[in-house]
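**Q** Input: one structure, supplied below.
The values are calculated or read from the model by the stated rules, or taken from the named source; none is laboratory data. Only a predicted model underlies this, so the values are computations on that prediction, with no experimental measurement involved. Cβ: placed from backbone, ideal geometry, glycine included. Neighbour counts: every protein chain shown. Accessible surface areas use protein heavy atoms only, side chains included; no ligands, DNA or RNA. Shrake-Rupley method; radii C 1.70, N 1.55, O 1.52, S 1.80 Å.
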Amino acid sequence: MLPNFICPGAMKSGTTTLYKLMKQHPDIYLPRKEIRFFASENWHKGSDWYKSLFDNYGGQKIIGEITPQYMYCPEAVKYIYDLLGPNIKFVFLLRNPVKRAYSDYRMRKRLGVNVKPFKAYITGDIQPYRKDLDFIYKGLYAQQIQRFLKYYSIENMKFIIFEEFIHD
């Protein structure tokens, strides 16, 4: 069985919390978080590898995957469409872009990634040397969602604002 929904992010917007909550529901099947298959990182492993991640499916009504990298990976939506077709549903968790960027920055710094001062990224004084360090780009939601709208109807999408999500 393959997913009937995907949560493509955004990163640092509550996707881990959503995963933990959904994992507890008896009608929802989720393999591990952040499979990253459609984000090129694991695409080379092939669709059989991806399908095998869902082998423990036990008849649940909802089968999903939560991988925030899909939000900003340009080729992800086409790969999703090619494998899962036009009926897949999406849940987008969105957060205030500045707070999202700073949270991402702080996480990288905690992980020991060599990052420059946050202000330098915001002012554009430096350009990130790696795409995953582009804290600003990952918050340009309109651009990213537009890619999904090239393949899917807005009716296939649910948008949740992080600040409202954690409040409820």
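**Q** Just wondering, is there one or more residues in segment 84-104 that are part of a helix (DSSP H, G or I), under 27 Å from Lys23 (Cβ atoms), modelled with pLDDT of 95 or more and out of contact with any Phe, Trp or Tyr (no Cβ under 8 Å at 6 or more places or on another chain)?
**A** yes
**Q** Return the total of residues in segment 33-57 being surrounded by 11 or more Cβ atoms within 10 Å (Cβ to Cβ) and in a loop (DSSP other than H, G, I, E, B).
**A** Of the residues in that region, 11 qualify.
**Q** Here's a follow-up. Between residues in segment 69-98 that are within 18 Å of Glu164 (Cα to Cα) and of a type in the set (Val, Ile, Thr) and residues that are open to solvent by less than 50 Å² (accessible area, probe 1.4 Å) and not in a helix (DSSP H, G or I), which pairs lie under 6 Å by C-beta distance while being six or more apart or on different chains?
**A** Partner pairs satisfying both residue conditions: Val91/Cys7.
**Q** Looking only at segment 115-168, which residues are free of Cβ contacts under 8 Å to residues at least 60 places away in the same chain, surrounded by 13 or more Cβ atoms within 10 Å (Cβ to Cβ) and of a type in the set (Phe, Trp, Tyr)?
**A** If the condition is that a residue be free of Cβ contacts under 8 Å to residues at least 60 places away in the same chain, surrounded by 13 or more Cβ atoms within 10 Å (Cβ to Cβ) and of a type in the set (Phe, Trp, Tyr), then Phe118, Tyr121, Phe135 are the ones that fit.
**Q** Next question. Considering only segment 116-151, state which residues are over 19 Å from Ile80 (Cα atoms) and among the polar types (S, T, N, Q).
**A** Answer for segment 116-151, where residues must be over 19 Å from Ile80 (Cα atoms) and among the polar types (S, T, N, Q): Thr123, Gln127.
**Q** I'd like the full set of residues that are open to solvent by 10 Å² or more (accessible area, probe 1.4 Å), of a type outside the set (Gly, Ala, Ser) and within 19 Å of Lys20 (Cα to Cα), limited to segment 58-75.
**A** Once the filter is applied, which keeps residues that are open to solvent by 10 Å² or more (accessible area, probe 1.4 Å), of a type outside the set (Gly, Ala, Ser) and within 19 Å of Lys20 (Cα to Cα), segment 58-75 yields Gln60, Lys61, Ile62, Gln69.
**Q** How many residues does segment 76-109 hold that are surrounded by fewer than 18 Cβ atoms within 10 Å (Cβ to Cβ), within 21 Å of Gln127 (Cβ to Cβ) and hydrophobic (A, V, I, L, M, F, W, C)?
**A** 2
**Q** Further question: Enumerate the pairs (first residue in segment 52-64 and free of Cβ contacts under 8 Å to residues at least 12 places away in the same chain; second residue anywhere and open to solvent by 70 Å² or more (accessible area, probe 1.4 Å)) with beta-carbon separation below 7 Å, excluding pairs fewer than 6 apart on the same chain, so at least 6 apart or on different chains.
**A** Final answer for the pair search is none.
**Q** So, one more: Only one of (1) small (Gly, Ala, Ser); (2) at positive phi; (3) surrounded by 12 or more Cβ atoms within 10 Å (Cβ to Cβ) is not met by Gly112, so which one is it?
**A** (3)
**Q** Taking only pairs six or more apart or across chains, which ones have beta-carbon atoms under 9 Å, a first residue in segment 16-38 that is closer than 28 Å to Lys78 by Cβ, and a second residue that is open to solvent by 70 Å² or more (accessible area, probe 1.4 Å) and among the aromatic types (Phe, Trp, Tyr)?
**A** Arg36/Trp43; Phe37/Trp43
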